[in-house]
Amino acid sequence: ISRSRLLIIILCLISLLWNSYIFFVTKTQKLPHSKRTICATMNDHWFVMNVINYADSMITLAVPFLIIAVLNVSISRTVMRRRSMCQNTVVAMLRYVTFSANLATGDRRCSAIEQNLENRKKDEKVTKTLLLISMVFLLMNLPDHVLRVLVSFLNDNGRWAVKNQYVICGLIQGQMISTLLFHTNFAINFILYSVAGDNFRTHMTGFCRQVWHKWSSKRNRAESDARKFTLKSGQFIYSYQSTAHSIAIGRGAMHFV
């Protein structure tokens, strides 16, 4: 097993173990005024559930949020600094090339400057893509964790029961919407890479063209085989009809004689 596969297996096992508590702290419960059955937390395990919610929010949101925020700020500062340095360097080198007496050397330096600019633009595009993905991750995960922590806090302090019904319904609806955003985050990376990543779009377009070319080739081959079969069938039918017609004429001539 390669290292990448082994790492994926280990991460999957850790995730399964981390979320296996749900089988021990929840149970099915019928709603009193309807026939629906929901999965609810056992009354004896509210404290454990709240602790797990706090720990999950710290591990999956707070720590990644701080790391991503610090790295985003560092990346943004680096990109801005490199952009200003690149502009100053390009202006100085262009002036030097303009007043250079050796035209061949100047042409080589111009090509080197263009290559350097192209590489820097590619780096900036990749950096912007990573910034976009990380910011979307924060925006789509933050509401769900905030509402979960808020509900756990209200349950811990016994304030959930005394709250207004409209407030409770609003919190429940908000938690449903935030949960949808949370799960959407796992599938939105493909769209983000398609929108922001030039390399991803190029390779994806090439892959789609390759698949379309293979499918078109198979379809054309099938149509060609069908035409050949139809042509051969027509020739066989025509030959059979001609032979039958000749036999019929021969029999008629013999009968006439």
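General remarks:
- Total residues in segment 170-210, condition in contact with a Pro (Cβ under 9 Å, 6 or more places away or on another chain) and either outside the structural domain of residue 141 (by TED's automatic domain parsing) or touching a residue at least 40 places away in the same chain (Cβ under 8 Å) (or both): 2
- All conditions in (1) part of a helix (DSSP H, G or I); (2) over 24 Å from residue 143 (Cβ atoms) hold for residue 46, with the sole exception of (2).
- Hits in segment 153-200 - residues which are modelled with pLDDT of 75 or more, among the aliphatic types (A, V, I, L, M), loosely packed, with under 14 Cβ neighbours inside 10 Å and outside any helix (DSSP H, G or I): 187
- Among the residues of segment 1-53, those identified as among the polar types (S, T, N, Q), surrounded by 10 or more Cβ atoms within 10 Å (Cβ to Cβ) and more than 20 Å from residue 148 (Cα to Cα) are 29, 37.
- Any hit, segment 75-92, residues being modelled with pLDDT under 75, in a helix (DSSP H, G or I) and over 42 Å from the mean Cα position of the chain (by Cα): yes
- Counted residues, segment 19-60 - those being more than 15 Å from residue 153 (Cα to Cα) and in contact (Cβ under 8 Å) with a residue 24 or more places away in the chain: 3
- Whenever a residue of segment 130-152 is part of a helix (DSSP H, G or I), its partners that are of a type in the set (Ser, Thr, Tyr) and at pLDDT 80 or above, lying with C-beta atoms within less than 7 angstrom and at least six residues away or across chains, give the pairs 140/184; 143/178; 144/178; 144/179; 147/178.
The values are calculated or read from the model by the stated rules, or taken from the named source; none is laboratory data. All figures in this text were calculated on a predicted structure; none of them were measured in a lab. Counting neighbours? That spans all protein chains shown, and the Cβs are built from the backbone with ideal geometry, glycine included.
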